[in-house]
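Read the structure below first, then the notes.
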Amino acid sequence: MKNISLEKVKPQIRIILEIAFAIIIAVVIEFGMNYPSLTKSYEAVLFSNSGELNEDGDLVYSQNMDKAVYVNKLKIKAETLEKNSYTVVATVVNDFGKTKSVEITDKAYPEFGYAYTNVREKVSKLQVIFTSPEKINVSEISYSNKANFNGYRMAFFALVIFLGLILIFEREIYLKKVQIFYLIFALGFGSLIIMASGPVSTTWDEEVHYNSIYTLNFHQKVNWNEASKLNCTREAPVANTREELKMLNKYMNNISNNALKQQKPVGLINKGYIVYLPMIVSYHICEAIGLPYTMQYTIGRFGNLIFCALLNCFVIYVARRKKLLVATLALMPTLLFQASLYTYDGVIFACMNLGFVLWMNLMDDTNNDKETTWKQIALVAVLLGIGCIAKPVYFPVMILMVPILWKIIKDRVKESANGKRTIALIAVAVIAVCMVMALISMRHVIINLLQGNSGYGGDTRGGNTGIIGQLVSIIKHPIAFIKMFIHEIFTFDNFRNFGDKTKNQFLPSNLMFLNLYGLGMLKDAWSFVLLPVLAMLFLTNTDDEQNEPKNIKTIRVVNGIAVVCSVALVWLAMYLAFTPIGADAIEGVQARYFIPLLLPAAYTLWNNRIQIKVSKQRYYQIVLGAALVLAGVCFYQTLICGRLI
């Protein structure tokens, strides 16, 4: 037995054994999670007391237990005129016999007729408080402790354990084929995100993105139904338990049969067909073959996940420099979240990252005097241009094309009889093209400026905003604007995630990497793991990257200019379009806007002066292990714990 080593087993057999072991451990964990229910299970118990109004006018239902019992779930049967919030106040008895009061806020929806709340505590008293009793008619309230075996949770633990086993035993995968590790990681966690989020809008402006995908359908008409309309207005019910998710799926499928208006389709000349293409194709294929609405919605998200995961996998594969950084950034919870739901952010990140990596490969080729072709240049320009099409604030990254173009034309310029004149003509042509593109993109602003429409381009959600009005304000107060603009960029305390300011007090790094919007994010304490890992990736290189490119100065300069200018444009765009006219603070800036700029920022910080004396294997294990911990904790706390259990 001492001579038996797992590493001597054939790789295929070893992978099968690791999968089997991960599943077995996940099942054991699930039994442990259900231990209180398996050992002390009881049927549903109705509240014995009827509701009473307290001095604040709230309707309160109370239940005192003779002795503390474990409550898994609370069930409320009620008719409500509209979405109604309620609070569960539980007197919890811990394992030491001490008591404390715990409050859980939840919602009851008229579409369901029932509301469920996960308690999962040993309690001696329960109170259910309705703050709008005139809008709800409660029939009964009960609590139970039935065993609840959860497939989501078992799949989650099996995935985490399997990825951990790969990092321990499969060094061939994460050292030589780290893209395979990424693919398993991304598809696994992405699938959990999609299935646990339900068939409703969840992420940043997902209702807006879904509206674009729904109307870009290649059909003669856009046929609206009640379910699609609810998802485009973010008015659909939200589920946070398995029972509610089941009711939500049934409800959305039923109302999808209620046809509403028809409208003409959006024309084929639309940038949405580029940034939404994988979602458009997957969603409307499901629609065409007649799948239920919830499957259409879910598979549309899977289209985004599969496309982004495969493209990021290819990016990691072709990267010659910063391969581990490229992989780890794509493994961050926010990036996985963006790739798994309806938004073009995942597509933009993958395309721009591929553009940056191919650009870096071309810059490496300049060291060896390899020939750069126009096809290679065009491909890089198209990939970077996809991000610029969706968000013009990234347009400064096109400056990266300058050294590549110069390499391919400099020899021809030298051979030319009028070299200086040729250089001047090229410079004039580039400036002219940039000016024409700027005028085309700004044509509506110019037209409305001439017409005096000060409210043009403002926030559609309301408020005293408008690009024209803000530009006029800037022209009138240039010094005040410059002072405010510099102050806001370097303050680092006004990144926005929610409308509620109390939820914005997180480190920018957590807002950027560990943020799942409405589902939540990891606390700032997790920056003790996140920031050292990022510092290692940005400031140090692995053994095979110590030979920095000969043109490293050019790489640093052009990437630095691109990053600084893009960051400035992000803040400027938010001030023009989303900040009230004449305000002395910029509103609407979110840390996620800077995610596509991370790789050029890393190229800007490239150096070989800071080194870590650790083997490549340990380096990869530390970094990928940290990414697994961050993703595992983030998705467990936001998708599983307190939701689908």
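By how many nm would the segment from Val564 to Tyr273 lengthen if fully extended, with 0.36 nm per residue of separation less the alpha-carbon distance?
Working it through step by step, the gained length comes to 101.8 nm.
Where does each of Thr465, Thr540 land when they are ranked from fewest to most other beta-carbon atoms within 10 angstrom?
Least to most surrounded, the residues fall as Thr540, Thr465.
At a 10 Å Cβ-Cβ cut-off, how would you order Met536, Met360, fewest neighbours first?
Lowest count first: Met536, Met360.
Compute the distance from the alpha-carbon center of the range 123-180 to that of the range 212-265, in whole Å.
One Cα centre to the other: 26 Å.
Straight distance only, please: which lysines reach the Cα of Lys370 with their own Cα at less than 24 Å, same-chain residues fewer than 8 apart left out?
Answer for Lys370, where 24 Å is the Cα cut-off: Lys322, Lys323, Lys407, Lys410, Lys414, Lys550, Lys553, listed by chain and number.
Can you give the angle from 0 to 90° between the axis of helix 11-33 and the longest principal axis of the chain, with both taken from C-alpha atoms, to the nearest 10?
Value to nearest ten degrees: 40.
Go ahead and estimate [θ] at 222 nm for the chain from helices alone: -39,500 (n - 2.57) per DSSP H run with n ≥ 4, summed, over the residue count, rounded to 500.
One gets -17500 deg cm²/dmol as the mean residue ellipticity at 222 nm.
Which of the trypsin sites (Lys or Arg not before Pro) found in the range 95-134 are loop residues per DSSP with 14 or fewer other Cβ atoms within 10 Å of their Cβ?
Qualifying residues, ordered by number: Lys98.
Can you give me the relative contact order of the range 1-159 as a percent, contacts being Cα pairs under 8 Å and 6 or more apart?
It rounds to 34 percent for the range 1-159.
Return the distance in nm (one decimal) between the two label points of a simple spin-label model at Asp584 and Glu55, each offset 7 Å from Cα along Cα→Cβ.
Modelled inter-label distance: 4.3 nm.
Can you give the relative contact order of the chain as a percent, counting alpha carbon pairs under 8 Å and 6+ residues apart?
13 percent
Using 0.36 nm times the number of residues separating Ile104 and Leu379, minus their current alpha carbon distance, what extension gain do you get?
Using 0.36 nm per residue and subtracting the Cα-Cα distance, I get 93.8 nm.
Would you give the gap between the C-alpha center of the range 80-106 and the C-alpha center of the range 7-74, rounded to a whole Å?
16 Å
Taking other Cβ within 10 Å of each residue's Cβ, how do Lys271, Lys391 sort, fewest first?
By the 10 Å Cβ count, ascending: Lys271, Lys391.
Candidates (1) 118, 51, 45; (2) 99, 81, 52; (3) 172, 81, 39; which is the computed Cα extents along the principal axes in Å?
(2)
If one takes the longest principal axis of the Cα atoms in the chain, at what angle in degrees, from 0 to 90 and to the nearest 10, does the Cα axis of helix 478-491 lie?
The angle comes out near 60 degrees.
Angle, helix 467-476 long axis vs. longest principal axis of the chain, Cα atoms, 0 to 90°, nearest 10?
60 degrees
Suppose each label sits 7 Å from its Cα in the direction of the beta carbon; what would the Ala44-Asn547 distance come out to in nanometres?
7.1 nm
Using a 10 Å Cβ count of at most 15 others and DSSP loop calls, identify the longest part of the chain lacking such chymotrypsin sites (Phe, Trp or Tyr not before Pro).
219-491
Just so you know, all these numbers are worked out from the coordinates, no wet-lab data involved. Here the structure is a predicted model, which is why all the values come from computation and not from measurement. With ideal geometry, Cβ positions are generated from the backbone for all residues, glycine too; neighbour counts draw on all protein chains shown.
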